[in-house]
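Below is one structure, written out as structure tokens; comments come after it.
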Amino acid sequence: DAKTTQPPSMDCAEGRAANLPCNHSTISGNEYVYWYRQIHSQGPQYIIHGLKNNETNEMASLIITEDRKSSTLILPHATLRDTAVYYCIVSLMYSGGGADGLTFGKGTHLIIQP
Amino acid sequence: DTAVSQTPKYLVTQMGNDKSIKCEQNLGHDTMYWYKQDSKKFLKIMFSYNNKELIINETVPNRFSPKSPDKAHLNLHINSLELGDSAVYFCASSQSVRAGTEAFFGQGTRLTVV
């Protein structure tokens, strides 16, 4: 089962910042927060990940609260091509008992409006 | 060049047949995965393969078998196909199974069993 809770859908105007929230209240100290997205009919695409500190790359920013129980993915200037399902995932990637991979939940369907 | 490539992109076959899906990654990664996305769009890991160690999701029927001829390839063989096997299958790879590594996904193979 996914360890995260996300809103099922969100709208955002083109050119504005899209802020996608994620709750992960049961996250353990050595679990990372990952964000992936899946554009219709394509494979999931990695966006960003973090452990404790806020992170930024060319695609997005990830803000993790101090208690690590929630995070926000920020797309600074959303375009129509950012319309996709966004998945927030917490994972060790390797638990010691085997490669668990990523457990995807239902994600947030982000719709960018022109 | 495509980092993770799968063939075929579409596969339509009859119940009872045996089929294979091929996956290749040119990223030099040590770990490869197979995921299944069902009609409800849930993505679930089926297998991970790292350094000749295969980790199997216990919910996967033994009709499914991954085969890795070398580190760059992880093919998926399916025997005695059933209607419920219809789904999109994604191959993925990551540098390792260590925490904090991201996974790269292929574009998927849409399998339809009739």
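Closer than 14 Å to residue B:113 by Cα and within 15 Å of the chain's Cα centre (by Cα) - does that describe any residue in the range B:56-72? Looking for residues that are closer than 14 Å to residue B:113 by Cα and within 15 Å of the chain's Cα centre (by Cα), one finds none in the range B:56-72, hence no. When you scan the range B:28-45, do you find a residue that is in a strand (DSSP E or B) and more than 12 Å from chain A (Cβ to nearest Cβ), even just one? No: the range B:28-45 contains no residue that is in a strand (DSSP E or B) and more than 12 Å from chain A (Cβ to nearest Cβ). Of all residues in the range A:73-87, those that are touching a residue at least 60 places away in the same chain (Cβ under 8 Å) and of a type in the set (Gly, Ala, Ser) have Cβ atoms under 8 Å from Cβ atoms of residues that are assigned to a strand (DSSP E or B) and surrounded by fewer than 19 Cβ atoms within 10 Å (Cβ to Cβ), 6 or more apart or on another chain, in A:78/A:12; A:78/A:13.
Assuming residue B:74 fulfils every condition listed in (1) within 20 Å of residue A:38 (Cβ to Cβ); (2) within 13 Å of chain A (Cβ to nearest Cβ) apart from one, which condition is it? The single condition residue B:74 does not satisfy is (1). Checking the stated criteria, residue A:52 turns out not to satisfy the condition of being exposed (fewer than 15 other Cβ atoms within 10 Å of the Cβ), basic (Lys, Arg) and touching a Ser or Thr at 6+ places or on another chain (Cβ under 6 Å). Residues that are loosely packed, with under 13 Cβ neighbours inside 10 Å, at pLDDT 95 or above and more than 27 Å from residue B:51 (Cβ to Cβ): does the range A:97-113 have at least one? Checking the range A:97-113: at least one residue is loosely packed, with under 13 Cβ neighbours inside 10 Å, at pLDDT 95 or above and more than 27 Å from residue B:51 (Cβ to Cβ). Pairs linking a residue in the range B:45-65 that is closer than 19 Å to residue A:43 by Cβ and crowded, with 18+ Cβ neighbours inside 10 Å to a residue that is among the β-branched types (Val, Ile, Thr) and modelled with pLDDT under 85, with Cβ atoms under 7 Å and 6 or more positions apart or on different chains, are B:47/B:55; B:47/B:56; B:48/B:55.
The values are calculated or read from the model by the stated rules, or taken from the named source; none is laboratory data. All values reported here derive from a predicted model rather than from experimental measurement. All Cβ positions, glycine included, derive from the backbone under ideal geometry; neighbour counts span all protein chains shown.
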